[in-house]
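Would you mind keeping the following structure in view while I ask a few things?
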Amino acid sequence: MLEGLRRAIRGLVESVTTEELTEEKLEGVLEDFRLSLIANEVSLEASEFLTERVREALRGKRVPRFSDRRDLVTGALRKALEEVLLEADPDGLVEEIRQSHSSSGEPFPVLFVGPNGGGKTTTVAKIALFLKRNGLIPVIACSDTFRAAAIEQMRALAERVGVRCVSQKYGADPAAVAVDAIASARSSRAHVVLIDTAGRSELNRNLLEEMRKIRRVAMPRRVIYVGDALTGNAAVEQARQFDAYVGLDYVVLTKLDSDVKGGTAISVCYAVRKPILFVGTGQDLSDLAPFSKSEIIERVLGELP
Ligand SMILES: Nc1nc2c(ncn2[C@@H]2O[C@H](COP(=O)(O)OP(=O)(O)OP(=O)(O)O)[C@@H](O)[C@H]2O)c(=O)[nH]1
Ligand SMILES: [Mg+2]
């Protein structure tokens, strides 16, 4: 995971700690760094931001000792990443659901949105398991009434987790399915409703309108964007659109287990300024981990030469 990003930073550190840097040379080193970030799925804007932070740390400074220069660079990057990356605490969400349910008796609806194949259905099941392990009773709403076999897929996963799943026929109104599930959760005194929705291969207006309608009708307390880390800039662009159209509270980034580049988390946080709640780390139901800023920073900056 994240080797690419680590290599980009290592390359930068190596350059600044082995060469005498004239202003001109420094610009060349910074440009190489910027391009290596971009090659590892860090968006254009976020790459510029990080590069600028390194430039500020080094520019105009005569730092004769190489080890001091390394510390300046890694210190600047550490600070910049601290600023860009945003994390949300899953235990905080559990507590909020619990408190909301005990004070109102109402289930807490959570809407999952995202592009086709990003991992929504799998993530809904993983989060259902996480919530169940934390003593909450989830109900799942199959509001993907669009894709062939989506309902069977969700039902099979829900069965493995051991949670109830509310569905209707294919072609049914996804918002009506969500409302149905919320009513069913209310009568069974379940704590939380997880609403799985459809994706489309092309992000289009229809899908965004459909999500907006579910939001209006089902009134979720939280909206979670599920994006595939491997798709890099596409995931960022989609997150931006879902945020503009539907409004997002959290991000879940999936497939981090196969993500050798590693820049998507930085890019998504930089673009939509929403915290990452979880990352997906595999296909199993327990392959879900809280997103830890300090862990990511350690992974890319730790033990550099
Ligand atoms: N390696 C890995 N695979 C994952 C992860 N999350 C999901 N997947 C896989 O990605 C594929 C698509 O996942 P789904 O959950 O069906 O994606 P979706 O967003 O619901 O897709 P649509 O319903 O078609 O929009 C499946 O094969 C999942 O097993 C992850 O964190 N790591
Ligand atoms: Mg799905």
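The values are calculated or read from the model by the stated rules, or taken from the named source; none is laboratory data. All values reported here derive from a predicted model rather than from experimental measurement. Because the Cβ atoms are built from the backbone with ideal geometry, glycine has one as well, and the counts that use them run over all protein chains shown. Quick note on the areas: whole protein, heavy atoms, side chains included, nothing else; ligands and nucleic acids left out. Shrake-Rupley method; radii C 1.70, N 1.55, O 1.52, S 1.80 Å.
Determine which single condition Ser103 fails, assuming it passes every other condition in (1) more than 16 Å from ligand 2 (Cβ to nearest atom); (2) open to solvent by 10 Å² or more (accessible area, probe 1.4 Å); (3) assigned to a loop (DSSP other than H, G, I, E, B).
All conditions are met except number (3).
Considering only the range 130-141, I want to know if a residue exists there that is near ligand 1 (Cβ under 8 Å from one of its atoms) and either part of a strand (DSSP E or B) or within 17 Å of the chain's Cα centre (by Cα) (or both).
Initial filter on the range 130-141 (near ligand 1 (Cβ under 8 Å from one of its atoms)): none.
Within the range 130-141, not a single residue is near ligand 1 (Cβ under 8 Å from one of its atoms) and either part of a strand (DSSP E or B) or within 17 Å of the chain's Cα centre (by Cα) (or both).
Moving on. Does Leu208 fit the bill of being surrounded by 22 or more Cβ atoms within 10 Å (Cβ to Cβ), more than 13 Å from ligand 1 (Cβ to nearest atom), under 22 Å from the mean Cα position of the chain (by Cα) and under 20 Å from Gln238 (Cα atoms)? So that I can check it myself, show each step before the final result.
On the way: surrounded by 22 or more Cβ atoms within 10 Å (Cβ to Cβ): no; more than 13 Å from ligand 1 (Cβ to nearest atom): yes; under 22 Å from the mean Cα position of the chain (by Cα): yes; under 20 Å from Gln238 (Cα atoms): yes.
Criteria not met by Leu208.
Applying the selection to the range 133-166, what residues are touching a strand residue (DSSP E or B) at 6+ places or on another chain (Cβ under 6 Å) and either surrounded by fewer than 16 Cβ atoms within 10 Å (Cβ to Cβ) or free of Cβ contacts under 8 Å to residues at least 24 places away in the same chain (or both)?
Across the range 133-166, the qualifying residues are Ile151, Arg155.
Taking the condition of being under 8 Å from the mean Cα position of the chain (by Cα) and of a type in the set (A, V, I, L, M), how many residues in the range 247-296 meet it?
Result for the range 247-296: 8.
OK, next. Identify all residues within the range 159-180 that are out of contact with any Asp or Glu (no Cβ under 7 Å at 6 or more places or on another chain), more than 24 Å from Ser286 (Cβ to Cβ) and in a helix (DSSP H, G or I); write none if there are none.
Ala175, Ala176, Val177, Ala178, Val179, Asp180, listed by residue number.
Next up: Sort out for me the helices (runs of 4 or more DSSP H) sitting completely within the range 1-63 that have 2 or more residues that are over 32 Å from the mean Cα position of the chain (by Cα) and free of Cβ contacts under 8 Å to residues at least 40 places away in the same chain.
23-39
Among the residues that make up the range 187-203, is at least one of them open to solvent by 50 Å² or more (accessible area, probe 1.4 Å) and within 13 Å of ligand 1 (Cβ to nearest atom)? Break it down into steps so the answer makes sense when it comes.
We begin by selecting, within the range 187-203, every residue open to solvent by 50 Å² or more (accessible area, probe 1.4 Å); these are 187-189, 201-202.
Still in the running and within 13 Å of ligand 1 (Cβ to nearest atom): 201-202.
Yes - at least one qualifying residue is present in the range 187-203.
Can you pull out every residue in the range 256-289 that is of a type outside the set (A, V, I, L, M) and either without any contact (Cβ under 8 Å) to a residue 24 or more places away in the chain or more than 24 Å from Arg7 (Cα to Cα) (or both)? Can you show your working first?
Residues of the range 256-289 that are of a type outside the set (A, V, I, L, M), as a first pass: 257-259, 261-264, 267, 269-270, 273-275, 278, 280-284, 286-287.
Matches in the range 256-289: Arg273, Lys274, Pro275, Phe278, Gln283, Asp284, Ser286, Asp287.
Can you spot a residue in the range 130-138 that is within 16 Å of ligand 2 (Cβ to nearest atom) and at pLDDT 95 or above?
Looking only at the range 130-138, we keep the residues that are within 16 Å of ligand 2 (Cβ to nearest atom), and these are none.
Looking for residues that are within 16 Å of ligand 2 (Cβ to nearest atom) and at pLDDT 95 or above, one finds none in the range 130-138, hence no.
While we're here: I need the full set of residues from the range 71-95 which are over 30 Å from Ala128 (Cα atoms) and open to solvent by 70 Å² or more (accessible area, probe 1.4 Å), in order please.
Restricting attention to the range 71-95, the residues satisfying the condition of being over 30 Å from Ala128 (Cα atoms) are 71-81, 83.
Passing the criteria: Asp71, Arg78, Lys79, Glu83.
Here are some residues: Val84, Val110, Val124. Which one is over 30 Å from Ser188 (Cβ atoms) and in contact (Cβ under 8 Å) with a residue 12 or more places away in the chain? Lay out the reasoning, then the answer.
Details: Val110 fails: over 30 Å from Ser188 (Cβ atoms); Val124 fails: over 30 Å from Ser188 (Cβ atoms).
Within the list Val84, Val110, Val124, the selection yields Val84.
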